[in-house]
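J.: Sending over a structure as structure tokens; questions will come in a sec.
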Amino acid sequence: MEFLKDLWGFLKERKKFWLLPLIVILLLFGVLIIFTSGSAIAPFIYTLF
Amino acid sequence: MPKAILGISAYYHDSAAAILVDGEIIAAAHEERFTRKKHDPSFPINAAKYVLDEAGIAYNDLTAVAFYDKPYIKFERLLETYHSFVPKGLISFLSAMPVWIKEKLFMKKMLNDELAKLGDKKVPVLFPEHHLSHAASAFYPSPFEEAAILTLDGVGEWATTTIGHGKGKEIQILRELDFPHSLGLLYSAFTYYCGFKVNSGEYKLMGLAPYGNPQAEQTITFKKKILEHFVDMREDGSILLNMAYFDYATGLKMAKDKKWEQVLGIPIRKPESNLTQEYMNLALAIQMITEDVVLRLAKTTQELTNSRNIVLAGGVALNCVSNGKLLKSGIFDDIWIQPAAGDAGGALGAALAAWHIWKGEERNAVTGQDAMKGAYLGPDFSARDIEKVARKSGAKYHYFEDDNQLYERISDILAEGNVVGWFQGRMEYGPRALGNRSIIGDARNPEMQKKMNLKIKYREGFRPFAPSVIEEDIQEYFELPTKSPYMLLVVPVNEKRKTPEPEGYNDLEMYDRLYHLRSDIPSITHIDYSARVQSVSRDVNPRYWNLINKFKEKTGYGLLVNTSFNVRGEPIVCTPEDGYRCFMRTEMDYLVLGNYVFDKKEQEKIKDDSNWQEEFELD
């Protein structure tokens, strides 16, 4: 719950509501990933993560 | 009850923790030194435990914890970048997103879970911006009441460069350059193309640059082509990168190799392959452009702030060659660079930002001395700890009750051409060893550079070494009008020290040039007659100063070669045990742990340790 509150606060503060649909889809993806795969490995380029 | 703030940098690279008690910097350390994993990105649990212990503060008594950036804004940058490049970048998107969705979006929770291991009270957690953390780490501990602030790195949330102004407890950010246009990432792209590791090999590129021939047609052409195709460099120092040539925004590498090859006429260099003149010329070209950008930015910074002092932080501030040029330019009267300028320094910066900006606390009286305590902010060890290690390892040692006798003996050993591991007092914060976790030798010895590179550090033969000189003798050896306590300024060796260049010097093969005796202190005189100087203050590090001074009494030379106490790919040693292990694995001749001297000839080899080099991934 705290995460959703923070996320909403972030979108409001930055006025980036247009990112909301993207984030929702990503989170759905996320649920899939969590249930289907073992680990997430970061790529080596640090700008990405 | 004192007010204490814990600063944390983590989850990207170079995790670290730092602690302030009533605004005073008490302790700071990199996590890699404890876990023995170079650039360790994990939560700095060991470093955090250490700094709390050093300060005598329980976690539950902390006023706040400050994390060095804003994860959500970083995520925003990531999403917007992919959105603007779509449909390009799908592969990179698919590899980056799982990490974010599984871990980084929930960083606050991750952080809270880790912090819960330190104590059960809910302490406020703050998230100052990445470049504000850098700016705070540069300004607040500086010796200036007022100063211009320049931060330069790869990227934080959005910003890659900021210009600010600090006065008293206030920091104002005046200008910002945003991702993907980044001097740090530009330099990293060339690091990658020249066959070095991104995020650790930048130092090698800088060390390689002086081997380039500035007069060569190829160097001039490289510079012209880089400015024509890759970078639009503006008068005010801002840069625009032509993203058609870079892959880091949406790909999984830094540069588009094929396109670069078409423009530059040379292919990407394979890591660990032979270094040829063309890559040295390329390194020189990008180094010259970097210096140009830094000088232009400094001019803009001066115009915007009207200040006579400048402070620097961010990874690019570790480019000590450009720092030296900035000092020489006279744009500012005085310059101060945060010794932990990279992301590890963000831990300290975040804590300082929380103290002065969030809490609104005044800066302590600025006395002309900086507040970094010589960067000796890490753990120290007692005589008992050292004896324990010696017993455990079955090591033979000589104990010196009297410090002066120790300096006497070690200066003799050094003057005889031996290499000594010098382990004293508190460990350094930041990437440089400053005489407490150092390998030292005689700078006059023409064989020293080769011996240290190939037999002790096991690293590339071309890499230069730096001198530690007693503060009083700086001008005796170097064209340096100020102090350089953190080894962050590269300046020319004094004219009177130099030996003339042989004819056609620039056209000689790399190692012929390298082994030409350029001065009477050859092992620290780089190929272009420069040196990365550390000035040693008697007040700040009396033991190191006394040793060098004793060496001077015997030889007439008040300086030594100083390199970090580690081998290639290994974090700098932290404990006496790390020090002894490193000593035994290399061809180092002597080890000094506090007042205990270990002679290699008297030690028995460590059993079953022949595969130790596989322990550390090459950097």
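J.: Filtering the stretch B:384-439 down to residues that are in contact (Cβ under 8 Å) with a residue 24 or more places away in the chain and of a type in the set (Asp, Glu), which residue is surrounded by the fewest Cβ atoms within 10 Å (Cβ to Cβ)?
T.: B:401
J.: Could you list, in sequence order, the residues of the stretch B:382-431 that are of a type in the set (Gly, Ala, Ser), more than 30 Å from the chain's Cα centre (by Cα) and within 11 Å of residue B:596 (Cβ to Cβ)? Walk me through it before giving the result.
T.: First pass over the stretch B:382-431, keeping only residues of a type in the set (Gly, Ala, Ser): B:382-383, B:390, B:393-395, B:411, B:415, B:417, B:421, B:425, B:430.
Going one step further and asking which of them are more than 30 Å from the chain's Cα centre (by Cα), we end up with B:390, B:393-395.
Of everything in the stretch B:382-431, those that are of a type in the set (Gly, Ala, Ser), more than 30 Å from the chain's Cα centre (by Cα) and within 11 Å of residue B:596 (Cβ to Cβ) turn out to be B:390, B:395.
J.: Among the residues of the stretch B:264-284, write down those that are hydrophobic (A, V, I, L, M, F, W, C) and modelled with pLDDT of 95 or more. Show your work before the answer.
T.: Our first condition is that a residue be hydrophobic (A, V, I, L, M, F, W, C); within the stretch B:264-284, this holds for B:264, B:266, B:268, B:275, B:280, B:282-284.
The answer is B:264, B:266, B:268, B:280, B:282, B:283, B:284.
J.: State all residues of the stretch B:250-267 that are under 14 Å from residue B:230 (Cβ atoms) and among the hydrophobic types (A, V, I, L, M, F, W, C); if no residue qualifies, say none.
T.: B:254, B:255, B:260, B:263, B:264
Yes/no per residue for (1) over 29 Å from residue B:250 (Cα atoms); (2) out of contact with any strand residue (DSSP E or B) (no Cβ under 7 Å at 6 or more places or on another chain):
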| position | (1), (2) |
| --- | --- |
| B:182 | no, no |
| B:192 | no, no |
| B:205 | no, yes |
| B:218 | yes, yes |
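J.: Going residue by residue through the stretch B:346-356, is there one that turns out to be part of a loop (DSSP other than H, G, I, E, B) and either at pLDDT 95 or above or on the phi > 0 side of the Ramachandran plot (or both)? Even if it seems obvious, please write down each step before you answer.
T.: Quick first cut of the stretch B:346-356, residues part of a loop (DSSP other than H, G, I, E, B) only: none.
Checking the stretch B:346-356: not a single residue is part of a loop (DSSP other than H, G, I, E, B) and either at pLDDT 95 or above or on the phi > 0 side of the Ramachandran plot (or both).
J.: Counting only residues that are in contact with a strand residue (DSSP E or B) (Cβ under 8 Å, 6 or more places away or on another chain) and under 16 Å from residue B:586 (Cβ atoms), which one in the stretch B:450-470 is surrounded by the fewest Cβ atoms within 10 Å (Cβ to Cβ)? Quick ask: steps written out before the conclusion?
T.: So the first thing to find is which residues in the stretch B:450-470 are in contact with a strand residue (DSSP E or B) (Cβ under 8 Å, 6 or more places away or on another chain), and the list is B:451-452, B:456-457, B:464-470.
Subsequent filtering for residues that are under 16 Å from residue B:586 (Cβ atoms) retains B:451-452, B:456-457, B:465.
On the way: B:451: 19, B:452: 24, B:456: 24, B:457: 22, B:465: 22.
Residue satisfying both the conditions and the ranking: B:451.
J.: Here is a follow-up. Just to be sure before I move on: is residue B:109 assigned by TED's automatic domain parsing to the domain that holds residue B:14 and either in a loop (DSSP other than H, G, I, E, B) or on the phi > 0 side of the Ramachandran plot (or both) in the structure I sent? I'd like the intermediate steps shown before the answer.
T.: Values: assigned by TED's automatic domain parsing to the domain that holds residue B:14: yes; either in a loop (DSSP other than H, G, I, E, B) or on the phi > 0 side of the Ramachandran plot (or both): no.
Considered against the rule, which asks whether it is assigned by TED's automatic domain parsing to the domain that holds residue B:14 and either in a loop (DSSP other than H, G, I, E, B) or on the phi > 0 side of the Ramachandran plot (or both), residue B:109 comes out as no.
J.: Output the residue which, of all residues in the stretch A:19-34 that are among the hydrophobic types (A, V, I, L, M, F, W, C) and either more than 9 Å from chain B (Cβ to nearest Cβ) or in contact (Cβ under 8 Å) with a residue 12 or more places away in the chain (or both), is nearest to residue B:95 (Cα to Cα).
T.: Just the residues of the stretch A:19-34 that are among the hydrophobic types (A, V, I, L, M, F, W, C), to begin with: A:19-20, A:22-29, A:31-34.
Next, from what is left, pick out any that are either more than 9 Å from chain B (Cβ to nearest Cβ) or in contact (Cβ under 8 Å) with a residue 12 or more places away in the chain (or both): A:20, A:23-25, A:28, A:32.
On the way: A:20: 21, A:23: 16, A:24: 18, A:25: 16, A:28: 16, A:32: 14 Å.
Only one residue fits best here, namely A:32.
J.: Testing residue B:75 on (1) touching a residue at least 60 places away in the same chain (Cβ under 8 Å); (2) within 14 Å of chain A (Cβ to nearest Cβ); (3) farther than 30 Å from residue B:167 by Cα, one condition comes back false. Which one is that?
T.: (1)
J.: Consider the stretch B:529-566. How many of its residues are in a loop (DSSP other than H, G, I, E, B), surrounded by 20 or more Cβ atoms within 10 Å (Cβ to Cβ) and outside the structural domain of residue B:582 (by TED's automatic domain parsing)?
T.: 0
J.: Moving to a separate point now. Is there a residue in the stretch B:105-115 that is without any contact (Cβ under 8 Å) to a residue 60 or more places away in the chain and touching a Pro at 6+ places or on another chain (Cβ under 8 Å)?
T.: Within the stretch B:105-115, one or more residues are without any contact (Cβ under 8 Å) to a residue 60 or more places away in the chain and touching a Pro at 6+ places or on another chain (Cβ under 8 Å).
J.: Further, regarding this structure: Can you give me the number of residues within the stretch B:197-243 that are closer than 27 Å to residue B:12 by Cβ and part of a helix (DSSP H, G or I)? Working first, answer last.
T.: Looking only at the stretch B:197-243, we keep the residues that are closer than 27 Å to residue B:12 by Cβ, and these are B:197-209, B:230-231, B:237-243.
Going one step further and asking which of them are part of a helix (DSSP H, G or I), we end up with B:202-209, B:230, B:243.
Result for the stretch B:197-243: 10.
J.: Something else about it: Being more than 9 Å from chain A (Cβ to nearest Cβ) and either out of contact with any Asp or Glu (no Cβ under 7 Å at 6 or more places or on another chain) or surrounded by 21 or more Cβ atoms within 10 Å (Cβ to Cβ) (or both) is the filter here; which residues of the stretch B:94-111 pass it? Lay out the reasoning, then the answer.
T.: As a first pass, look at the stretch B:94-111 and keep what is more than 9 Å from chain A (Cβ to nearest Cβ): B:94, B:107, B:110-111.
Those that are more than 9 Å from chain A (Cβ to nearest Cβ) and either out of contact with any Asp or Glu (no Cβ under 7 Å at 6 or more places or on another chain) or surrounded by 21 or more Cβ atoms within 10 Å (Cβ to Cβ) (or both): B:94, B:107, B:111.
J.: Could you list, ordered by first residue, the pairs with Cβ atoms under 7 Å in which the first is in the stretch B:8-19 and more than 20 Å from residue B:432 (Cα to Cα) and at the interface with chain A (Cβ under 10 Å from one of its Cβ atoms) and the second is assigned to a loop (DSSP other than H, G, I, E, B) and aromatic (Phe, Trp, Tyr), at least 6 apart or interchain?
T.: Close Cβ pairs satisfying both conditions: none exist.
J.: I want to confirm something. Restricting to the stretch B:146-185 and keeping residues that are part of a helix (DSSP H, G or I) and within 12 Å of chain A (Cβ to nearest Cβ), which single residue is surrounded by the most Cβ atoms within 10 Å (Cβ to Cβ)?
T.: Residues of the stretch B:146-185 part of a helix (DSSP H, G or I): B:183-185.
Okay, now just the ones that are also within 12 Å of chain A (Cβ to nearest Cβ), so B:184-185.
On the way: B:184: 22, B:185: 26.
Only one residue tops the list, namely B:185.
J.: Separate question: When you look at residue B:252, is it of a type in the set (A, V, I, L, M, F, W, C) and modelled with pLDDT of 95 or more, yes or no? So that I can check it myself, show each step before the final result.
T.: Values: of a type in the set (A, V, I, L, M, F, W, C): yes; modelled with pLDDT of 95 or more: no.
So residue B:252 does not fit the description; no.
J.: Those residues that are part of a helix (DSSP H, G or I) and out of contact with any strand residue (DSSP E or B) (no Cβ under 6 Å at 6 or more places or on another chain), I need them from the stretch B:121-145; list them, please.
T.: Just the residues of the stretch B:121-145 that are part of a helix (DSSP H, G or I), to begin with: B:130-139.
B:130, B:132, B:133, B:136, listed by residue number.
J.: Moving to a separate point now. Would you point out which residue out of B:368, B:374 is of a type outside the set (Ser, Thr, Tyr), in a helix (DSSP H, G or I), within 23 Å of residue B:21 (Cα to Cα) and in contact (Cβ under 8 Å) with a residue 40 or more places away in the chain?
T.: Values: B:368 fails: in a helix (DSSP H, G or I).
The unique qualifying residue is B:374.
J.: List the number of the failed condition for residue B:118; all other conditions in (1) farther than 24 Å from residue A:32 by Cβ; (2) within 12 Å of chain A (Cβ to nearest Cβ) hold.
T.: (2)
J.: Another question, then. Which ones in the stretch B:591-605 are at pLDDT below 95 and under 27 Å from residue B:426 (Cβ atoms)?
T.: Step one: of the stretch B:591-605, the residues at pLDDT below 95 are B:603-605.
Correct list: B:603 only.
J.: Here's a follow-up. What's the number of the only condition in (1) within 14 Å of chain A (Cβ to nearest Cβ); (2) farther than 18 Å from residue B:351 by Cβ; (3) among the basic types (Lys, Arg) that residue B:36 fails to meet?
T.: Residue B:36 satisfies all of (1) within 14 Å of chain A (Cβ to nearest Cβ); (2) farther than 18 Å from residue B:351 by Cβ; (3) among the basic types (Lys, Arg) except (1).
The values are calculated or read from the model by the stated rules, or taken from the named source; none is laboratory data. Everything numeric here is computed off the predicted structure, so don't read it as measured data. Positions of Cβ are generated from backbone atoms using ideal geometry, with glycine treated the same way; all protein chains shown enter the neighbour counts.
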